[in-house]
Amino acid sequence: MNVQIACPDCTTTIELNPTKLIQGNRFTCSNCKLVVSLAEESRSVVEETLTEFQKIQTQKARQNALT
Amino acid sequence: MAATDQPDLVSMAEQFTGLPMDDLISSPLMAAAKANSMMATTQTRFMLDTCFEADETGEGENKKITYKPIMIKMELTRGVLIPKDPTKEDEKFEIQETKTKFDLPILTIIPLNSLAVDEVKITFDMEVKSSYGESTSKKREEALAGQASWEAKVGYGPFSASVKGSVSYDSKSMESRDTHYEKSNSAQYSVLVHASQIQLPKGVTTIIDAFAKAIDPITMPVNTGTPS
């Protein structure tokens, strides 16, 4: 699932995919062509957080199936 | 056959009155709401545990926990026109790729609003049909036929006479009766309950929005072509 952040330069919404972000993908602002990517030093922190998040999502899927 | 002799059709209202509609509709909704509530608790715990750093101060009743957002570093890349020789005016420019870094709360890149029961649909259909039909067929046919013949001879001397006669009759009567009676009724009861995920609470979106707006890129020093 994508998340949105405001472009630091022109405040246009930039859609980011967190999974692709940790894979090293870069996202471009549609207005000012600014390229946003995740810095190498933060990659592990985001990866850990996303892993935890995916665990909760799996839990959610199980609960939805029971509902 | 008189209409009163025929069996009554099923009362539609009676068929629906005994249904536990409250349970049929509310039970799945309650289960979904409970699951959503559990997910909200898990989500809050997740947010506090993984997206914030807890700082505990004091002890006992004076214990205070301050949550500080975990920040991640993002990189901005863009082409910048930089004079080949910054010391000279009217110098030709060249495009250089410059990189800047800014801090972003990790909370803003986690798709938190996906952690909820997306949709609950309860469709309950009940259909009652009742019908009655009667068909009577009666046929009567009568045929009568008769035939008689007779012959007489009279003779006297050289004279003789003969008389022949015959009589017949034929009668036919037919009666046919066909009765067809049919009555039917039907009713359908359809219930559709739809519940879907609402947006994130205003408070959470405000925090995320504030974080997102607070992104402060580092300004490139003037008259230097070197990326920071």
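Here are the numbers:
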item	result
Selection within the stretch A:10-41 - touching a Cys at 6+ places or on another chain (Cβ under 8 Å) and more than 7 Å from chain B (Cβ to nearest Cβ)	A:Cys10, A:Thr12, A:Thr13, A:Ile14, A:Cys29, A:Asn31, A:Cys32
Any hit, the stretch B:68-78, residues being at positive phi and without any contact (Cβ under 8 Å) to a residue 60 or more places away in the chain	no
Meets criteria (buried (at least 18 other Cβ atoms within 10 Å of the Cβ), assigned to a strand (DSSP E or B), under 13 Å from the mean Cα position of the chain (by Cα) and facing chain B (nearest Cβ under 7 Å)) for A:Val46	no
From the options B:Met12, B:Met30, residue that is modelled with pLDDT of 80 or more, surrounded by 10 or more Cβ atoms within 10 Å (Cβ to Cβ) and more than 21 Å from B:Ile207 (Cβ to Cβ)	B:Met30
Search result, residues across the stretch B:60-98 that are acidic (Asp, Glu), open to solvent by 100 Å² or more (accessible area, probe 1.4 Å) and assigned to a loop (DSSP other than H, G, I, E, B)	B:Glu89, B:Asp90
Residues that are of a type in the set (S, T, N, Q), open to solvent by 50 Å² or more (accessible area, probe 1.4 Å) and part of a helix (DSSP H, G or I), drawn from the stretch B:37-59	B:Ser37, B:Thr41, B:Thr44
Criterion (at pLDDT 70 or above, assigned to a strand (DSSP E or B) and open to solvent by 90 Å² or more (accessible area, probe 1.4 Å)) met by exactly one of B:Glu182, B:Glu142, B:Glu134	B:Glu182
Sole residue being within 12 Å of chain A (Cβ to nearest Cβ), free of Cβ contacts under 8 Å to residues at least 40 places away in the same chain and among the small types (Gly, Ala, Ser), chosen from B:Ala31, B:Ala13	B:Ala31
Boolean, B:Gly133 is away from chain A (no Cβ under 12 Å) and under 40 Å from the mean Cα position of the chain (by Cα)	yes
Condition met for B:Thr42 (within 11 Å of chain A (Cβ to nearest Cβ), among the polar types (S, T, N, Q), in contact (Cβ under 8 Å) with a residue 12 or more places away in the chain and touching a helix residue (DSSP H, G or I) at 6+ places or on another chain (Cβ under 7 Å))	yes
Test: residue in the stretch B:100-109 that is under 49 Å from the mean Cα position of the chain (by Cα) and without any contact (Cβ under 8 Å) to a residue 60 or more places away in the chain	yes
Unmet criterion (only one of (1) small (Gly, Ala, Ser); (2) out of contact with any Leu (no Cβ under 8 Å at 6 or more places or on another chain); (3) part of a strand (DSSP E or B)) for B:Ala32	(3)
Condition met for A:Ile5 (at the interface with another protein chain (Cβ under 7 Å from one of its Cβ atoms) and not in a strand (DSSP E or B))	no
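The values are calculated or read from the model by the stated rules, or taken from the named source; none is laboratory data. If you're wondering where the values come from, they're calculated on a predicted model, not measured in any experiment. Reconstructed Cβ throughout: ideal geometry from the backbone, glycine too, with neighbour counts over all protein chains shown. Each accessible area value is taken on the protein alone, full model and side chains, heavy atoms only, with ligands, DNA and RNA left out. Shrake-Rupley method; radii C 1.70, N 1.55, O 1.52, S 1.80 Å.
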